[in-house]
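Have a look at the structure below before the remarks.
The values are calculated or read from the model by the stated rules, or taken from the named source; none is laboratory data. Because the structure is predicted, anything quoted here is derived from the model rather than measured. Cβ placement follows ideal geometry from the backbone for every residue including glycine, while neighbour counts extend to all protein chains displayed.
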Amino acid sequence: MRATVMYGAGDVRVENVPDAGLVDPTDAVIRVTHACICGSDLWPFASMAPSEEGQSMGHEAIGVVDAVGTEIRTIKPGQVVIMPFAFSDGTCEFCHDGLQTECVHAGFFGNNGMNGAQAEALRIPYADGTLYPLDVGDDMAMMPSLLTLSDVLGTGHHAAVHAHVGPGKIAAVIGDGAVGLCGVVAAKRLGAEQIIILGRHADRTDLAQQFGASDVVAERGEAAVERVKELTGGLGAHSVLECVGLAASMDTAIRIARPGGAIGRVGVPQDADMPGSQAAFFANLTIGGGPAPARAYIDELLPDILEGEIEPGRVFDRIVDLDGVPGGYQAMADREALKVMVRP
């Protein structure tokens, strides 16, 4: 079978690799029908040290179940399934609490030696707890939106939940990538009265406004803080969704939140230390977030997609086959594409 392997910064290859197969009795194997490139994949694309082994890439997918292990009870061959970016057993205390990314058996696809979904097929550990069956065909027009349930929509929603977005509140979303745009979808869905998107790419902020953003702040740093304060009567936002992961973006999040407000941080941190701890402390800010338990949010978000209430799949603006994956990485790195879908 063929799969995407990253060997270092800028070095993405599509290669023949051993076929995906069952290893443990709790495994399943899926044939990948839809995958994509994530903004978080661009961090190693920019900075990964050269590696002889390489890293199989991709952590978002929809597929069709090809085979299941002897201890699988709910997943069946032939089912169309969503593959969240983390695998989880579905039985531990954290899974029961809806925090599958903290499962005692959790792992992340396409990371730390785990195979990824930018491939023709993939082995799924703990398939009963990980995969989410869909009662749909595998060629539906809404597949792009369903694919966002594997990561970016759930991640944007996770930010909104931790930012305490709700009716009558002002929400500010930092980042105009796919997660930030899905954060706008989530904030609108949860009833925010005013949604401010902080981003510098007009095509993306235009889409954010179509998703429900009321204001665009293209400035950065001090100018961005001043502009958000202007838009919020000098008080700042009740809810801030930090969807980038840089120290500068977190600093901005803390500075634009109003006293007593909340910040939901879902951008993968690129720094070991979080800036602004004193400022956050003296403003009585609540800061939460982390790797989104995308599996836990599907029940809540799926009906709105099926009923046409939201269309997060519009974040995909390019489709490639496996041979087009290396170019897809470069297009996203060059900001020529927002989010690339892969059709193996």
Of (1) assigned to a strand (DSSP E or B); (2) in the same structural domain as Gln55 (by TED's automatic domain parsing), Val173 satisfies every one except (2)
Pairs returned, first residue in segment 85-104 that is within 25 Å of Ala35 (Cβ to Cβ), second residue that is crowded, with 24+ Cβ neighbours inside 10 Å and charged (D, E, K, R), beta-carbon separation under 8 angstrom, 6 or more apart or interchain, are Phe85/Glu60; Phe85/Asp151; Ala86/Arg295; Ser88/Arg295; Gln100/Arg295
Flagged pairs (Cβ under 9 angstrom, 6 or more apart or on separate chains; first in segment 216-231, at pLDDT below 95; second among the hydroxyl-bearing types (Ser, Thr, Tyr) and crowded, with 19+ Cβ neighbours inside 10 Å) are Arg220/Thr252; Gly221/Thr252
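Check whether at least one residue in segment 144-160 is within 18 Å of Ala280 (Cβ to Cβ) and in the same structural domain as Gly260 (by TED's automatic domain parsing), and report yes or no.
Here is the first cut: in segment 144-160, the ones within 18 Å of Ala280 (Cβ to Cβ) are 159.
Next, from what is left, pick out any that are in the same structural domain as Gly260 (by TED's automatic domain parsing): 159.
Yes - at least one qualifying residue is present in segment 144-160.
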For segment 221-250 the number of residues that are assigned to a helix (DSSP H, G or I) and either under 20 Å from Leu190 (Cα atoms) or not small (Gly, Ala, Ser) (or both) is 9
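Looking at Val179, Val266, Val217, Val184, which one is more than 17 Å from the chain's Cα centre (by Cα) and among the β-branched types (Val, Ile, Thr)?
Details: Val179 fails: more than 17 Å from the chain's Cα centre (by Cα); Val266 fails: more than 17 Å from the chain's Cα centre (by Cα); Val184 fails: more than 17 Å from the chain's Cα centre (by Cα).
Just a single option satisfies the conditions, and that option is Val217.
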Pairing a residue in segment 38-51 that is under 14 Å from Pro326 (Cβ atoms) with any residue that is part of a helix (DSSP H, G or I) and hydroxyl-bearing (Ser, Thr, Tyr), where Cβ atoms lie under 8 Å and the two sit 6 or more apart in sequence or on different chains, gives Asp41/Tyr329; Leu42/Tyr329; Phe45/Tyr329
Of those in segment 11-24 that are in contact (Cβ under 8 Å) with a residue 40 or more places away in the chain and closer than 19 Å to Leu42 by Cβ, the residue surrounded by the most Cβ atoms within 10 Å (Cβ to Cβ) is Val12
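Does Ala192 meet the test of being free of Cβ contacts under 8 Å to residues at least 60 places away in the same chain, surrounded by fewer than 24 Cβ atoms within 10 Å (Cβ to Cβ), in a loop (DSSP other than H, G, I, E, B) and of a type in the set (A, V, I, L, M, F, W, C)? It would help to see each step written out before you state the result.
On the way: free of Cβ contacts under 8 Å to residues at least 60 places away in the same chain: yes; surrounded by fewer than 24 Cβ atoms within 10 Å (Cβ to Cβ): no; in a loop (DSSP other than H, G, I, E, B): yes; of a type in the set (A, V, I, L, M, F, W, C): yes.
It is false that Ala192 is free of Cβ contacts under 8 Å to residues at least 60 places away in the same chain, surrounded by fewer than 24 Cβ atoms within 10 Å (Cβ to Cβ), in a loop (DSSP other than H, G, I, E, B) and of a type in the set (A, V, I, L, M, F, W, C).
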- Using the structure shown, decide if Ala337 is assigned by TED's automatic domain parsing to the domain that holds Ala35, part of a loop (DSSP other than H, G, I, E, B), of a type in the set (Gly, Ala, Ser) and under 25 Å from Met6 (Cα atoms). yes
Picked from segment 25-43 (must be surrounded by fewer than 20 Cβ atoms within 10 Å (Cβ to Cβ) and over 20 Å from Ile319 (Cα atoms)), the residue modelled with the highest pLDDT is Pro25
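Tell me the residue from Asp215, Asp251, Asp203 that is charged (D, E, K, R) and under 26 Å from Cys36 (Cα atoms), please.
Answer to the selection: Asp203.
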Checked Asp27, Asp19 against criteria (touching a strand residue (DSSP E or B) at 6+ places or on another chain (Cβ under 9 Å), among the charged types (D, E, K, R) and within 24 Å of Leu134 (Cβ to Cβ)); the one match is Asp27
Here the residues within segment 251-309 that are more than 30 Å from Tyr132 (Cα to Cα), free of Cβ contacts under 8 Å to residues at least 12 places away in the same chain and assigned to a helix (DSSP H, G or I) are Ser277, Gln278, Phe281, Phe282
Being within 23 Å of Gly177 (Cβ to Cβ) and of a type in the set (Gly, Ala, Ser) narrows Ala20, Ala28, Ala46 down to just Ala46
